[in-house]
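The values are calculated or read from the model by the stated rules, or taken from the named source; none is laboratory data. Model, not experiment: these values are computed from the prediction. Here the Cβ positions follow ideal geometry from the backbone for every residue, glycine too, while neighbour counts run over all protein chains shown. The area values use the complete protein model at the heavy-atom level, side chains included, leaving out ligands, DNA and RNA. Shrake-Rupley method; radii C 1.70, N 1.55, O 1.52, S 1.80 Å.
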Amino acid sequence: MESLFDMINVRDLLSAQDLSDPTSPLSAPDLHLLIQRLESQSLQIRSQVQSYLVSHREDFARLFSLCNDAVSQTREISDDVAAIIRLLSDRPIDAEVLEVVSEMKVKKEELKVKKELLGLVGTVVTLNKRLESVKEALRSGRFEFAAQGLKELKVALRIDDKDDREPLVYGLLRKEWSQCFEEIQEVLVKYMEKAVRFDGELNQVEVKYQLEVENVNRIQFQTVLEAMDVVSILEYGLAKVADLMIKYVITPFVSHGQPLSLLEELHPESAVLKIVASPDIKSEYLDGEFLYSGILLFIKFIYRSICLQKSSWMQCFGRLTWPRISELIISNFLSKVVPTDASKLPDFQKIIIRTSEFEAALKELMYISSDNDNRLSNFAENVEVHFAFKKKTEILAKTRNLLLECDFSIPQEYTRDGSIWKNDETSVQSSSHVVNLLFLSERCLVSKAAKELMGLIHQTLQDVCLSSTRVALEFYQTARDAILLYEVVVPVKLERQLNGINQVAVLLHNDCLYLSQEILGFAFEYRTDFPSSIKEHAVFVDLAPRFQLLAEEILQRQVHLVIYNLKEAIDGADGFQNTHQMQQFESAKFSIEQVVFILEKIHIIWEPLLLPSTYRKSMCTVLESVFSRIARDILLLDDIAAEETLQLQRLVHLMLENLSSLLESLPPGGQTLQEFPAQSPEDLIPSLRKIRKLSELLDMPLKSITSSWENKELLSCGFTVTEVEDFIKAIFTDSPLRKACLWRIQNASF
């Protein structure tokens, strides 16, 4: 059929000329022709279809018959289904079936629960009987059976794995089990106490192998231990025995307040370990042979008599006792025999060998682990570290005591009344308190603490040069720490003295200066001899500036305190006003005397102790502040009477006269001190020249003052044009001469 329809093609039914232009419409004749040709084509197709149906008639008949049978069967099925539906709607059998099935399910569940309950009851009965048998075995002394029963019941009752959904009876059974466990634990521990006892009168430990307690005869000690092991309370049972051994055997033997020996006696039914005095043995254990052999005898006694040569029991006892025994050996023997002198370190090798042999013997007895429990050997082999630590502790303790006990007192010979004075070079050199400053070519007095501290540090650094790398590094750190202790301890200890003007503060300044100089010298003195591995790390130069700054800080604090006291004394003069009045003059004179007293006091304190250069610098700073302040106060006076000028001049002369000896002490007196060659006091103290010139100006004529300014004399003394003008206005009354002089001063060309 598809081929017939494929034969119809409209283009084929038209003439070729009609298709020349696809967009042009067809004419009426063309359409009539097309209709005719289509009808002819349709008749041909109809004829062919009819021929096809006639030729396949039988096939179409069979197809129609098959379809008819299928329709009939469908109708029958539909009738059957309708009948079933009518039957079900008349009689509801499905509900009955559902009810029966549900009932069967309920009965089945009930049966299952009853079976489980029956099984649970059987289990509970069995467990209860087992508990009763355990109790009976415990009462009759059959500890092995009781212990094994408790172990099995622990698993059955899931003692370590409780569940909130389990039956209540399990909780009751667990309670019964716990009571049995506590009871067997109490009984076994009681037997253990009877088996191992310490007799204080005979000073011995006795172990009995046959035990009798509460009418239960002939219980073997081994049975008690095995029962403890089964119920996992062996460590608990041996704990008290371990404490007993440590307290009454090991501690007296190791600490050896008096020499002791251990003697072992073995009998068929018991074993005895006696502790006896040994007066023939020296109180020191020397290389440890006696100590280690005694402890090994004790361990072997435990191995044979208490642990009965069973390795697991021995390991348990070792875990309970070895940490404490090893600490006792370290603290009472090994740490005490650590050498305090580096030359004796090789002699310690004997102790290292003895210690290693001792630990090897303990490992053979299974007393300690064979893997990594070498705490005694590790300690002994690290003897260099312990030696260094012990030495460090000793040095730092000695340093601390030295600094705390030193009173930083000044030797009597360094006071005004003493035999030694700064200028007495022979006496200075003979004093044990005087030290050379390495980089200043000068000498100064230091405290006993600083001198001895530096001696201690030098000795430590010498040990660094002779020691191994580890010890040298520890000694190097010790030397640094000892130096820093001075910085930490002394300023705090002397805080009260540092807040006042006294010789202790000056001595502390010298100490810091001395320490800084010595620290700078360490690198030149010791670095080349240091072990090569620490040469790059051993540094002291960072400490020197700290003490240099501390010395300068202490000195500046002293200078500021002096200047403050001098300022208060000068303030009492009330600006030197009205000194022509007796009361004001006396007040100003008292202030000058106070200034002189303070300056003499610091002269007495500073000169014997400070370096000459430091003394001059500090004293010049103080005098400069005094002279400049007094000159400024006088120059600030706006009206000075004639009599007042004389009184002011008198006060200045009084001050300079009283300070003459002090001023004479400032220029360098020795040939080695060339820091200020050919310098006068006026060169060191600029305001001294000014105050002296001011004293002259007080009774100088106006023209002379003007001439002094014009020839730059006043300018060289530190006067300014304003000060000269104000001074002239204050002394001389207004006049043509004063105006002319002031004009000359103002117009002077310099």
Once phi is turned into ³J(HN,Hα) by the Karplus curve 6.51 cos²θ - 1.76 cosθ + 1.60 with θ = phi - 60°, what whole-Hz value does each residue of the stretch 612-622 show in order, with x for glycine and proline? x, 5, 5, 4, 4, 4, 5, 5, 5, 4, 5
Shape call, the stretch 575-685: gyration tensor on alpha carbons, a/c limit 1.5: prolate
Quick check: convex hull of the Cα atoms in the stretch 232-388, volume per residue, rounded to a whole Å³? 115
Pairs from Lys240/Lys300; Lys567/Lys729; Lys240/Lys310; Lys208/Lys247 whose Cα-Cα separation, in the structure shown, is over 22 Å: Lys567/Lys729
In Å², and per residue, what accessible area does the stretch 232-388 have when probed at 1.4 Å with the other protein chains present? 47
Inter-site label distance for Glu696 and Thr251 at 7 Å from Cα along Cβ, in nm: 9.2
Average accessible surface area per residue within the stretch 43-90, 1.4 Å rolling probe, Å²: 92
Rounded to the nearest 0.05, FRET efficiency between Thr621 and Ser704 (Cβ-Cβ, R0 45 Å) equals 0.85
Would you kindly state how much longer the chain becomes between Val81 and Glu39 on full extension, computed as 0.36 nm times their sequence separation minus their alpha carbon distance, in nm to one decimal? 9.7 nm
Points 7 angstrom from Cα along the Cβ direction at Ser51 and His580: gap in nanometres? 17.1
Using a probe of 1.4 angstrom, how much of the accessible area of the stretch 28-74 is carbon and sulfur, in percent? 59
Rounded to 0.05, the calculated FRET efficiency for the beta carbons of Ser312 and Glu357 at R₀ = 30 Å is 0.75
Note on the stretch 686-750: alpha-carbon gyration tensor, axes a ≥ b ≥ c; rule is a/c under 1.5 for rounded, else prolate if a/b larger than b/c, else oblate; result oblate
Hey, any idea what % of the stretch 439-538's accessible area is carbon plus sulfur with a 1.4 Å probe? 53
